[in-house]
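Take a look at the structure below.
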Amino acid sequence: MLRVLVLHGPNLNLLGNREESIYGTATLEMIDASLTKLGVELGVELVIRQSNLEGELVNWVQEARNGYHGIIINPAAYTHTSVAIRDALAAVNLPTVEVHLSNIYRREEFRRHSYISGVALAQISGFGPCGYLLALRGLCEQLAGSRAKDLSRNS
Ligand code: CA2
């Protein structure tokens, strides 16, 4: 069974309570519930975590080496600052989809640069909570494709 790690960065635990005009009204619990439902439909095991701490996110990315096939991450503000998260993702070298609720390229200048995108398989930005579902579908397609190639190579 495919296993995917979903990581939410700082302040995303506040979703649905403030800044609704930018991030919408869905809470993180609602986003996680819809991801979990899609995971069941797709037959993928999901582990979902949120942290406000950069080092904790780095530790979880490193741990993904043990038994995960891919990562979905919204690094939130660390997107624009964290060489540490980028280095951890590069080190584990798992297919990673970077998700943003808002379109970061339509916002303030400092949000238009991502340290993460250069080590990600793909970035989804601006679709709100739906972006996480698109990320899971896209990642699963990609992982299924790589598995099929491996099987035909080894047969
Ligand atoms: O659009 C996104 O998903 C972001 O990753 C969200 C981050 C922001 O720093 C990035 O530039 C883009 C912020 C997440 C904080 O979310 C809040 C939710 C409610 C109230 C306050 C913050």
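No lab work stands behind these numbers, since they all come straight from the coordinates. Predicted model only: the values in this text are computed from it and were never measured. Neighbour counts are summed over all protein chains in view; Cβ atoms, including those assigned to glycine, are modelled from backbone coordinates with ideal geometry.
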Scan around L2 for amide H atoms under 5 Å from its own, H built in the peptide plane at 1.01 Å from N, and keep only partners 5 or more places away or cross-chain.
-> E45
Could you work out the local net charge near W60, counting Lys and Arg as +1, Asp and Glu as -1, over the other residues with Cβ closer than 12 Å to its Cβ?
-> -1
For the chain, average projected area of the Cα convex hull in nm² | 8.9 nm²
How much net charge surrounds Y115 when only other residues with a Cβ under 11 Å from its Cβ are counted (Lys, Arg +1; Asp, Glu -1)?
-> -1
Taking the Cβ of Y78 as the center, what net charge do the other residues with Cβ under 10 Å away carry, scoring Lys and Arg +1 and Asp and Glu -1?
-> 0
Taking Cα atoms only, helix 28-42 is inclined relative to the longest principal axis of the chain by an angle, in degrees rounded to 10, of 20 degrees
In whole angstrom, note down how far apart the Cα centers of the range 120-140 and the range 60-109 are.
-> 12 Å
